[in-house]
Amino acid sequence: MHVVVCIKQVPDSAQIRVHPVTNTIMRQGVPTIINPFDLFSLEEALRLKDQFGAKVTVLTMGPKMADQALRKALSFGADEAVLLTDRAFAGSDTLATSYALSSAIRKIGESDPIDMVFCGKQTIDGDTAQVGPGIAKRLGLQQLTYVSRIESLDLAAREIVVQRRSEGGVHVLKTALPCLVTMVEGSNRIRFGNMADAFRAARYDLPEWSAADAGVPDTLKCGLRGSPTVVKKVFAPTAKAKKATPITGETPEQLADAAIAALFASQPGVQDDLLRRAASQP
């Protein structure tokens, strides 16, 4: 059995900054961690390793510094890891990310067929929950989202039964392998790594795949060029504010007259409405 776990190295949510022009996450100088939701998926994959002897491969897309997240996953007990890194992937939204990751997963599966793909429910720097389903769609996998528990897995029959969290309660679903599973928070508790795995993770010769290495068919569908997401500033002013006209007068009455005249000049509809109301009074 072969299981692939997609993880992401994300900026610490307490220190996230957004680029004012591109509206993408600024990672320079910001501490990074493994996306917390991905840890639940990693632990579930490791439990399948304990139960069925599954091989666990961890995959991430990001800059070269993302190797820290992969080595952390290896220290927990994952068997192999792949870093998908290329300038062509910079600025990818969820559509472009799922495109690149699905290409890499397909490449990994060429040498060792994949039975399950795990993803976290969402990432703390995006919160869209779209990458997992996007990968499943591109690879033609059955998708089980918001899973809180794997009830049973029958490798002989190639079937899996899970509990899926929903607003109305819990759904119990059964589907065939291969499939993609996204785990929700609180579904398990990540284990502590042991010393042997920590040393293995430190010595691991981590492969770094470019777009070509991963077999990405079209790099125009990656990065900013392949990201149709548009971020708009909701509260941006629609017009340049007019400079206020100073109100002058020597007496309170003159100031009041000047203020009313300025109001009527800027809002002529107000004067017309007041005149209509006055004319209708007996």
- Message: Give me the three principal axis extents of the stretch 104-178 from the C-alpha atoms, as integers in angstrom, largest value leading.
- Response: 41, 35, 16
- Given q = 0.08, 0.10, 0.17 Å⁻¹, what are the Debye log10 I(q)/I(0) values for the chain, with equal point scatterers placed on the Cα positions and solvent ignored? -0.45, -0.58, -1.43
- Task: Please provide three numbers in whole Å: the alpha-carbon extents of the stretch 153-205 along the principal axes, with the largest listed first.
- Result: 45, 30, 16
- With a/c under 1.5 counting as rounded, go ahead and sort the stretch 35-92 into rounded, prolate or oblate using the C-alpha gyration tensor (a ≥ b ≥ c being the square roots of the eigenvalues; past the cut-off, prolate if a/b is larger than b/c, else oblate). prolate
- Task: For the stretch 144-152, take each phi angle, set θ = phi - 60°, evaluate the Karplus expression 6.51 cos²θ - 1.76 cosθ + 1.60, and give the result in whole Hz per residue in order, putting x for glycine and proline.
- Result: 10, 9, 6, 7, 9, 6, 8, 6, 7
- If amide H atoms are built 1.01 Å from N in the plane of the peptide, which residues on other chains or at least 5 residues away come under 5 Å of the amide H of TYR146? THR182
- Amide H to amide H, which residues 5 or more places from LEU155 or on other chains are under 5 Å from it, using H placed in the peptide plane? none
- As a Kirkwood estimate from alpha-carbon pairs, the stretch 56-203 has a hydrodynamic radius in angstrom of 16.5 Å
- Convert each backbone phi in the stretch 130-137 into a coupling constant with the Karplus relation 6.51 cos²θ - 1.76 cosθ + 1.60 (shift: θ = phi - 60°), then list the ³J(HN,Hα) values in order as whole Hz, x for Gly and Pro. 9, 5, x, x, x, 5, 4, 5
- Item | DSSP loop GluC sites (Glu not before Pro) with at most 13 other Cβ within 10 Å: longest gap in the chain | 1-166
- So what's Rg/Rh here for the stretch 1-138, counting alpha carbon atoms and using the Kirkwood radius for Rh? 0.95
- Residue-ordered couplings for the stretch 195-209, obtained by feeding phi - 60° into the Karplus form 6.51 cos²θ - 1.76 cosθ + 1.60 and rounding to whole Hz (Gly and Pro as x), are 5, 4, 5, 5, 5, 5, 5, 5, 8, 5, 7, 6, x, 10, 9
- If you line up the long axis of helix 36-52 against the longest principal axis of the chain, both from Cα atoms, how many degrees apart are they, to the nearest 10? 20 degrees
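We did not get these values from a lab; they are worked out from the coordinates using the rules stated. Only a predicted model underlies this, so the values are computations on that prediction, with no experimental measurement involved. Positions of Cβ are generated from backbone atoms using ideal geometry, with glycine treated the same way; all protein chains shown enter the neighbour counts.
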